[in-house]
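Student: Before we start, here is the structure in question, set down as structure tokens.
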Amino acid sequence: MTRTLKTEAVVLKKKDLLNKDVLISLFTQDLGRLTIFAKGIKKITSRRSPHLQTGNLINVLVSHKNDHYYLQESELVSGFSELKKEEKKVKQLYTFLFVLDRLLPEQQKETKTYNLTKNFLIDLSKSVKSDIITVKYLTDIMMQLGYMDQKVSYPELKSLIEEIINEKIPLLTL
């Protein structure tokens, strides 16, 4: 049985598969982090491909069949193009999305964390102090997800995140 779901999502990461398919990690408003297959997305004629850039806010129609999710349609809400013009902000964005992808459980709705993520994208596009914004929102998300109960210094935050995800955080420097 096939079910479909229309929801808003932030593209966390993409991974190329064989042929013209891509595996996409989304942070959706309704289902939390979701890994979906985008069949034929790398075809030159694909209308969905430009929407699925990392860090984009999109509306998606996803079908669920045999324990897998498949992308049916996508529509760009915001590409945050102003944010992507500055290299420092792009690095902060990728670091934030990397951590989020590692911390979030699969298919568990996290409404407050989703809203924090959207606010982060908006604030990062407008902000001059992108590194401070990134640390603030990472701290807020860590507290929201229950990993911390109080604010800590940047080195402690970085160390805690790296310990939880068991990986070094790329690019995050102050």
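Student: Out of (1) at pLDDT below 90; (2) over 28 Å from ILE164 (Cβ atoms), the odd one out for GLN53 is which?
Tutor: Of everything listed in (1) at pLDDT below 90; (2) over 28 Å from ILE164 (Cβ atoms), GLN53 misses just condition (2).
Student: Quick one: VAL135 ticks every box in (1) in the same structural domain as ILE58 (by TED's automatic domain parsing); (2) in contact with a Phe, Trp or Tyr (Cβ under 7 Å, 6 or more places away or on another chain) bar one, so which box is it?
Tutor: Failed condition: (1).
Student: Could you go through the stretch 106-129 and let me know if any residue there is under 17 Å from VAL11 (Cβ atoms) and acidic (Asp, Glu).
Tutor: Yes, that holds for at least one residue.
Student: While we're looking at this one, here's another question. Can you tell me which residue within the stretch 145-167, out of those that are out of contact with any helix residue (DSSP H, G or I) (no Cβ under 9 Å at 6 or more places or on another chain) and assigned to a loop (DSSP other than H, G, I, E, B), is surrounded by the fewest Cβ atoms within 10 Å (Cβ to Cβ)?
Tutor: GLY146
Student: Moving on. Kindly evaluate ILE36 against the criterion of being farther than 21 Å from ILE161 by Cα, among the β-branched types (Val, Ile, Thr) and at pLDDT 85 or above.
Tutor: In short, yes.
Student: Of all the residues that make up the stretch 100-157, how many are of a type in the set (Asp, Glu) and farther than 21 Å from ARG33 by Cβ?
Tutor: Residues meeting the conditions: 4.
Student: Does the stretch 131-149 include one or more residues that are within 16 Å of the chain's Cα centre (by Cα), closer than 18 Å to LYS14 by Cβ, at pLDDT 85 or above and among the aromatic types (Phe, Trp, Tyr)?
Tutor: no
Student: Another question, then. Within the stretch 95-105, restricting attention to residues that are surrounded by fewer than 18 Cβ atoms within 10 Å (Cβ to Cβ) and at pLDDT 90 or above, which residue is farthest from the chain's Cα centre (by Cα)?
Tutor: Looking at the filtered set, the residue picked out is ARG102.
The values are calculated or read from the model by the stated rules, or taken from the named source; none is laboratory data. Values in this document were obtained by computation on a predicted structure and should not be read as measured data. In this analysis, Cβ positions are derived from the backbone assuming ideal geometry, glycine residues included, and neighbour counts consider all displayed protein chains.
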